[in-house]
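Notes for the one structure printed next.
The values are calculated or read from the model by the stated rules, or taken from the named source; none is laboratory data. Remember, it's a predicted structure, so these values are computed and weren't measured experimentally. Quick reminder, even Gly has a Cβ in these numbers, built from the backbone with ideal geometry, and neighbours come from all protein chains shown. For the accessible areas, the whole protein counts, side chains as well, though only heavy atoms, and no ligand, DNA or RNA atoms are used. Shrake-Rupley method; radii C 1.70, N 1.55, O 1.52, S 1.80 Å.
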Amino acid sequence: MIQSVHWVIFVLLVVRMVRAGFFGPPRLFTWPMFSRVSHCLMRLRDQHDRPINPWQDIVHQDPGMNARELACYLAYLREVRGVRAEGTVTLVDHVGRHTLTVRDGHVVA
């Protein structure tokens with residue numbers, strides 16, 4: 001009897017973890033590797049209309065970016081490199097696709 005209860009609990013737990021881990025946004029029991037699947041496409045130019053290459057500044061192992069990390073990257077460009085970025089950034093994550101407009105080194109939309 002106890003053995004059967006253990007197997008039922010085990011099967012329910014596995015079903016719960018698979019459902020939470022692979023369907024819907026990150027929740028309890030999600031596998032961290034899949035909790036932040038994202039990528040971004042930057043089309044940025046500097047104040048002299050030259051293209052900005054984000055791979056010069058961003059760690060190559062982490063191409064994903066959220067809005068907060070984008071704001072930090074734009075602050076780095078403004079404050080460290082003296083670059084005022086203009087253009088668009090498209091962020092794609094588990095929620096959907098978001099296109100942000102960058103003007104004078106700040107996100108405006």
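Structural remarks
- Residues that are modelled with pLDDT under 85 and open to solvent by 40 Å² or more (accessible area, probe 1.4 Å), drawn from segment 82-109: ASP93, HIS94, VAL95, ALA109
- With respect to the stated conditions, ARG43 fails to be of a type in the set (Lys, Arg), over 17 Å from the mean Cα position of the chain (by Cα), open to solvent by 30 Å² or more (accessible area, probe 1.4 Å) and within 17 Å of VAL107 (Cβ to Cβ).
- Applying a threshold of 8 Å to beta carbon distances and a minimum spacing of six or more residues, or different chains, the list of pairs starting in segment 82-105 at a residue that is under 15 Å from ALA71 (Cβ atoms) and ending at one that is basic (Lys, Arg) and assigned to a loop (DSSP other than H, G, I, E, B) reads ASP104/ARG84; GLY105/ARG84.
- Qualifying residues in segment 13-40 (those that are under 30 Å from ALA85 (Cα atoms) and either outside any loop (DSSP other than H, G, I, E, B) or modelled with pLDDT of 80 or more (or both)) - the one most open to solvent (accessible area, probe 1.4 Å): HIS39
- Filter result (modelled with pLDDT under 90, over 13 Å from the mean Cα position of the chain (by Cα) and open to solvent by less than 100 Å² (accessible area, probe 1.4 Å)) within segment 46-76: PRO54, ASP57, ILE58, VAL59
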